[in-house]
Amino acid sequence: MVTETAALAEARRLAASVPDPELPMLTIADLGILRDVSVSGRRVVVSLTPTYSGCPALAEMRRDVAARLTAAGFADVEVRTVLSPPWSTDLISADGRRKLAEAGLAPPRSRGINPGGRPPGTPRTTTADPVPLTLFATGPPVACPRCGSADTLVTASFSGTACKDLRRCRACSEPFEHVKEV
Amino acid sequence: MGFDTAYEAMSEEADAGHRWAFGTGFTDPLAGVDTSLPAGIDGGDLAAYCLMLGDDALVFSHRLQQWLARAPELEEETALANIALDLLGQARLLLTRAGAADGSGRTEDDYAFCRAEREFRNVRLTEITDDDFAGLIARLFVLSTWRLALLARLRESADPVLAAVAAIGVRELAYHRDYAAQWVVRLGDGTDYSRARMAAGLETVAPLVAELFEPTAVERRLAAAGVGVDPAQLRPEFDAVLARVLAEATVDMPDVPALRGLPGGSSSQAGAVGQAGRDGVHTEAMGYLLAELQSVARALPGATW
């Protein structure tokens with residue numbers, strides 16, 4: 001029989017290849033929202049985690065995952081939502097960050113979040129300010145994805161989607177989008 | 001699979017069984033999530049609480065959506081649309097959680113489109129109309145500061161679904177609050193005219209602030225059980241954030257009496273406000289809002305096309 005190991009590898013490959021419709025240069029694996037793939041016989045369960053509560057791309061990605069697996073002959077495909085631990089831009093892979101930069105989008109800065117979530121019993125330290133008010137605190141600079149200059153400024157804190165802001169580089173004068181840290 | 005056009009994605013073949021009247025391709029936002037009730041949590045109370053927080057998000061999201069094509073600049077329009085979308089997402093998760101928690105199996109659509117005004121549990125500040133952009137900014141600043149403080153604490157809820165929904169929402173609200181705070185400062189510490197508009201916006205908002213911190217009986221019980229948060233506990237953080245930002249904006253929150261609802265009596269709200277949004281007692285604006293929000297679902301129940 002075709003082993004379950006081979007079927008699992010195939011299911012993983014197919015699920016991981018689904019692009020994000022709003023950031024089409026990234027797959028859901030690059031983005032870090034593909035949490036798990038499991039195979040039992042001809043049944044596949046894929047777990048995805050939402051990025052933002054209202055992100056309309058998630059429904060599209062769920063359908064795309066199901067369609068690709070069904071087309072490849074998996075008879076019974078379930079796509080589950082996993083809410084916890086929440087997704088963070090820290091989960092975007094190194095490859096994903098490179099692809100963002102190549103597409104002219106500044107990748108998110110690291111938030112230093114443990115991708116596995118906080119160890120049990122550890123107190124939270126960020127209750128008051130998950131992202132501080134930028135009026136009073138600014139993070140490290142966001143480098144221009146075109147010329148690399150760190151001399152950039154925010155021109156709009158929400159861009160075409162909630163996950164990006166719009167910036168301008170003062171060195172090369174070009175506008176660019178930046179994936180916001182969450 | 002990917003679609004060649006938006007129309008193809010909306011077609012019934014591509015999306016059998018979904019009702020476009022309520023949005024295309026919406027699936028249960030908690031699909032595959034374990035929504036069983038943890039031991040010791042009262043399902044009725046949890047559902048009531050999720051409706052309060054879900055209705056806040058749904059109703060304010062609708063008001064924000066009404067700003068589309070009315071915002072002063074394209075950048076503000078996209079910001080308001082994105083904030084509205086975040087809140088709508090939070091509402092969908094919370095309303096779906098409510099239907100699972102009380103065992104009724106009601107869906108997000110049942111709650112959003114098939115309830116009457118008195119059954120909505122949002123605080124009244126979410127439902128009022130805005131006189132101008134500064135008025136909206138005052139409301140967004142107050143509501144996002146309050147909701148961020150609330151959801152930050154809810155991340156420790158004994159209900160794992162509520163805790164997870166809060167953990168996602170907190171990051172969104174941090175950006176909403178930041179956006180609003182920057183505009184409060186820009187308008188308040190701006191020209192004489194923008195400053196006057198910002199002050200007027202705060203004056204409109206101020207009488208509805210006390211209500212945000214008055215706990216209902218449900219909130220008291222759930223706070224004691226480690227499931228919910230007593231909103232009275234949010235006041236110090238709220239006041240501290242407002243003080244920092246308003247000082248920068250060189251404007252003050254007016255000290256005005258709270259807008260009272262109906263007399264307390266048997267109400268769960270025995271404080272200065274009486275029965276208000278959390279009891280289903282709303283302002284005149286709410287009926288108009290629901291008439292629009294529910295118009296398609298009321299005119300064409302279960303419609304598909």
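Things worth noting here:
- Just one of the listed residues (A:24, A:85) is open to solvent by less than 60 Å² (accessible area, probe 1.4 Å), modelled with pLDDT under 95, under 23 Å from residue B:86 (Cα atoms) and within 20 Å of the chain's Cα centre (by Cα), and it is A:85.
- Residue pairs whose Cβ atoms lie under 6 Å apart, sitting 6 or more positions apart in sequence or on different chains, and linking a residue in segment A:134-158 that is of a type in the set (D, E, K, R) to a partner that is at pLDDT 80 or above, are A:146/A:172; A:146/A:174; A:151/A:170; A:151/A:171.
- Condition met for residue A:54 (over 22 Å from residue B:85 (Cβ atoms) and open to solvent by 10 Å² or more (accessible area, probe 1.4 Å)): no
- Checked against (1) closer than 20 Å to residue A:161 by Cβ; (2) at the interface with chain B (Cβ under 7 Å from one of its Cβ atoms); (3) more than 11 Å from the chain's Cα centre (by Cα), residue A:52 passes all but condition (3).
- Residues that are open to solvent by less than 10 Å² (accessible area, probe 1.4 Å) and not hydroxyl-bearing (Ser, Thr, Tyr) within segment B:125-134 comprise B:125, B:127, B:134, listed in sequence order.
- Residue match in segment B:13-21 (condition: within 11 Å of chain A (Cβ to nearest Cβ), over 26 Å from residue A:79 (Cα atoms) and modelled with pLDDT under 95): no
- Taking helices (runs of 4 or more DSSP H) as the structural unit, those lying wholly within segment B:69-169 and holding at least 3 residues that are within 14 Å of another protein chain (Cβ to nearest Cβ) and touching a residue at least 24 places away in the same chain (Cβ under 8 Å) correspond to B:74-101, B:133-154.
- When residues of segment B:80-124 are limited to those that are of a type in the set (Val, Ile, Thr) and buried (at least 22 other Cβ atoms within 10 Å of the Cβ), the one nearest to the chain's Cα centre (by Cα): B:123
- Taken together, B:227, B:256 contain a single residue that is outside any helix (DSSP H, G or I), within 24 Å of residue B:166 (Cβ to Cβ) and of a type in the set (A, V, I, L, M), which is B:227.
- Selected residue (only one of A:35, A:80, A:98 is open to solvent by 50 Å² or more (accessible area, probe 1.4 Å), closer than 27 Å to residue B:162 by Cβ and within 14 Å of the chain's Cα centre (by Cα)): A:35
- Test: residue in segment A:171-182 that is at the interface with another protein chain (Cβ under 9 Å from one of its Cβ atoms) and modelled with pLDDT under 80: no
- Scanning segment B:214-235 for residues that are hydrophobic (A, V, I, L, M, F, W, C) and touching a residue at least 40 places away in the same chain (Cβ under 8 Å) gives B:217, B:218, B:222, B:225, B:227, B:229, B:234.
- Filtered residues of segment B:180-196 (kept if open to solvent by 10 Å² or more (accessible area, probe 1.4 Å) and either at positive phi or facing chain A (nearest Cβ under 7 Å) (or both)): B:182, B:185
The values are calculated or read from the model by the stated rules, or taken from the named source; none is laboratory data. Note that the structure is a prediction, hence the values are computed from the model and not measured. All Cβ positions, glycine included, derive from the backbone under ideal geometry; neighbour counts span all protein chains shown. Note: areas computed on protein heavy atoms with side chains; ligands, DNA, RNA excluded. Shrake-Rupley method; radii C 1.70, N 1.55, O 1.52, S 1.80 Å.
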